Amino acid sequence: MSKLENLSRRHVLKGIALSRFMLGARVATWSPIDQAGAEPASFAPNLFVAIAPTGQVTIVVSRSEMGTGIRTSLAMVLADELDADWQSVRVEQAQGDAKYGDQNTDGSKSIRLLLNTMRDAGAAARHMLVTAAAHRWGVAPSACHTEAGAVVLGASGKRLGYGELAEDAAKLPVPPPASVPLKSRAAWRYIGKPVPIVDLDDIVQGTAVFGIDVMLPGMKHASVERPPSYGGRVNSYDATEALKVPGVERVVEIPGAPPPSGFLPLGGIAVIAGNTWAAMQGRQKLRIDWEPGPNADYDTSDYRAALEATARQPGKVARENGDVDRALQVASKHVSADYFVPHLAHATMEPESCTAVFVDGACTVWAATQNPQQARRTVAELLDIKQSAVTVNVTLLGGGFGRKSKPDYVAEAAFLARAVGAPVKVTWTREDDLVHGYYHAIAAQHLEGGLDANGKPVAWLHRTVFPSIGSTFTAGTVYGSAGELSQGVVDMPFDIPNVRCENGRADAHVRIGWYRSVYNIPHAFAVGSFVDELAAAAEKDPVQFLLSVLGEPRKLDPKLLGSAYSNYGASLDEYPIDIGRMRNVVLLAAARSGWGSPLPTRHGRGIAVHRSFLTYVAAVAHVAVAADGTVTMPRIDLAVDCGMVVNPDRVAAQFEGAAIMGLGNALYSSLTFKQGRAEQSNFADYQGPRIDATPETHVYVVRSEASPGGVGEPGVPPVSAAICNAISNAVGRRVRALPVDPAELKSA
């Protein structure tokens, strides 16, 4: 996982000084689709904000927009501190450039890392505008205040619009952030209010530009046939028939990097044509002799059995408190269970796509990327040019979930643009996306628990085995990292005196990559399910048992737990593991869901709670199990404590989407491999919930003044456990492997 950075106000000052704001300057933009047919300009706007003489405010957002609303939310923050008129605000997407700091739109950290950055930028600009107005009126700045895009002189009624002041303000020195007071919460105009996304009209009208929409004059189209298994390579190929397809112009071999390949392309044969259809048709005519590589015999059935066997054996200790073995021996009840989660694919609505141009030793790309700076580095590495010779323009993303922070497809386009000597667009098919992705890790887990005579848990053993993301980048990586084990294993929050968490060895046979909520998916499923099994063994209500095992409100100290805990790169002083907040979301979700009220036969409710990405989420799922074993989820209630909220509309939308994705993980999605190749290739066999399966979703966001936590990912982890716990409540049958197999529930 990428390094998480914290941007201090001092760091912001450095960035602001570089930008100089240039408030009176015209802000140029690039347009992927130029009506006049000219190539798009590549001028990068000033660092965060610019104001034109017309009064238009341009706010530059450095994070990628893929449906989360981050372009809107970050712009809202700056506009609020600037006291801008939202109707005069225009949002500009930043190019990939280190001057913006960390641009990786992963890890549910954009608001957390950039809240103060954008506030300071807006406040500094506001201060400069007020100072410019005060100079013009010959008064002290304290005699002035701002109102929605204008500076006002006391009660006199005199006012100057920001556009009128921009040129004068640009001549002033940039104030140190610490010297500029920020607005109070009571004075916020936009933060905390529901604001529609700035891209809404363009998306609805079909004019929004996604990666797949980019068109350049003279552009060629490429479709790439890649190795059938990870690490395979081309022995030889015959393109004779491919070149006969009308529109096909040439065939180019892309070199592949041997495992671990990181972000570099898998390699293969690219068919270049005048249109996408011809390129794809030509690709089907290729005759390729493949060297199968080291993973040609990968079979997930065999691999699952091996992982499960490993999980039942002692592993590498990641956390140990007390004497688990002794506590299990003397426990009044000993409960054990094994859990399994398969590979998952990101399956974004828009498959990977990138357009590239290579001219005079420099490469410019237009890509739907979550990490433009990593795309820049990868292109420079593959082409052996300086990063300064690579320009990355970021389009809208038709979904990301972590896949589009991995720029192998960007590197493919850059390589082909240089080889062809013309603009080239690489378009992945749905089949390419599923068969050649970076997959969420398959995982097997073994848990044991001990209860005393009063049904109180006294022992907890958790073994988890999965291929690490590190295996995609570093040879010989066979154990999970501290960060991966910090996602639902070593941070297990229950008040149990004897705890041991272990990690077993697992070799990787495909590219493992982060996927929305990453290792919280298998770990929250196992932990949330197992604590429910302990409640059943103790013959106690799951909510009351959950509250009792969480214990009294307190803040956990991971150091006292005997584990290396990463806390998502954040300070534990600012973001402690707060059991009180976790208890609160459990109580809220239970109360709002009608927990304990009667349900029809073969209906059930289940609850689970999880902290991830510094946010606390409790889910109550209401399921119905048909006589044939088919499971539906009529309703789900999510209680969320994510700290301070910038745009409540987008927060609710993220958790509504997380509920559907969690439903898909639990009931539909599974990627299996035979002979090294994914067996599923499209939505017909890699399934997700259809619209008629969408539950009635209720999201309750706790009002909080705590520092903002993540929003994009934390809603997914508890959903699977809540669903499976509800199934057990409905029909008395435990589900311990995902996705749920209706055949196992048919006779229940």
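The values are calculated or read from the model by the stated rules, or taken from the named source; none is laboratory data. Values in this document were obtained by computation on a predicted structure and should not be read as measured data. Glycine also receives a Cβ, built like all others from the backbone with ideal geometry; neighbour counts cover every protein chain displayed. Just so you know, the surface numbers come from the protein's heavy atoms only, side chains and all, with ligands and any DNA or RNA stripped out. Shrake-Rupley method; radii C 1.70, N 1.55, O 1.52, S 1.80 Å.
Brief remarks on what is shown
- Sole residue being farther than 19 Å from H622 by Cβ and either without any contact (Cβ under 8 Å) to a residue 40 or more places away in the chain or loosely packed, with under 15 Cβ neighbours inside 10 Å (or both), chosen from R703, R736: R703
- Leading residue by the ranking (nearest to A453 (Cα to Cα)) among those in the stretch 324-339 that are touching a Gly at 6+ places or on another chain (Cβ under 9 Å) and open to solvent by less than 70 Å² (accessible area, probe 1.4 Å): A331
- All positions within the stretch 60-92 that are part of a strand (DSSP E or B) and of a type in the set (D, E, K, R): R90, E92
- Evaluation of T131 against the conditions (1) more than 16 Å from D83 (Cα to Cα); (2) among the β-branched types (V, I, T); (3) without any contact (Cβ under 8 Å) to a residue 60 or more places away in the chain shows that the sole unmet condition is (1).
- Pairs where the first residue, in the stretch 677-694, is closer than 18 Å to A666 by Cβ and the second is open to solvent by less than 80 Å² (accessible area, probe 1.4 Å) and aromatic (F, W, Y), C-beta under 9 Å, 6+ apart: Q680/Y686; Y686/Y668; Q687/Y668; G688/Y668; P689/Y668; A693/Y668
- Entirely in the stretch 377-486, the helices (runs of 4 or more DSSP H) that have 1 or more residues that are under 24 Å from P342 (Cα atoms), assigned by TED's automatic domain parsing to the domain that holds H221 and modelled with pLDDT of 95 or more: 408-420, 430-435
- Positions within the stretch 436-470 being of a type in the set (V, I, T) and either within 30 Å of G268 (Cα to Cα) or open to solvent by 10 Å² or more (accessible area, probe 1.4 Å) (or both), in sequence order: I442, V458, I469
- Residues that are open to solvent by 10 Å² or more (accessible area, probe 1.4 Å) and of a type in the set (S, T, N, Q) were ranked within the stretch 557-586; the one that is farthest from V640 (Cα to Cα) is S563.
- Single unsatisfied condition, R554 versus (1) in contact with a helix residue (DSSP H, G or I) (Cβ under 8 Å, 6 or more places away or on another chain); (2) buried (at least 18 other Cβ atoms within 10 Å of the Cβ): (2)
- For the stretch 523-551, filtered to residues that are over 19 Å from V740 (Cβ atoms), assigned to a helix (DSSP H, G or I) and among the small types (G, A, S), the residue that is most open to solvent (accessible area, probe 1.4 Å) is S548.
- Hits in the stretch 249-262 (condition: open to solvent by 20 Å² or more (accessible area, probe 1.4 Å) and out of contact with any Leu (no Cβ under 9 Å at 6 or more places or on another chain)): E253, P258, P259, P260
- Among the residues of the stretch 314-329, those identified as small (G, A, S), farther than 20 Å from A508 by Cα and not in a helix (DSSP H, G or I) are A318, G322.
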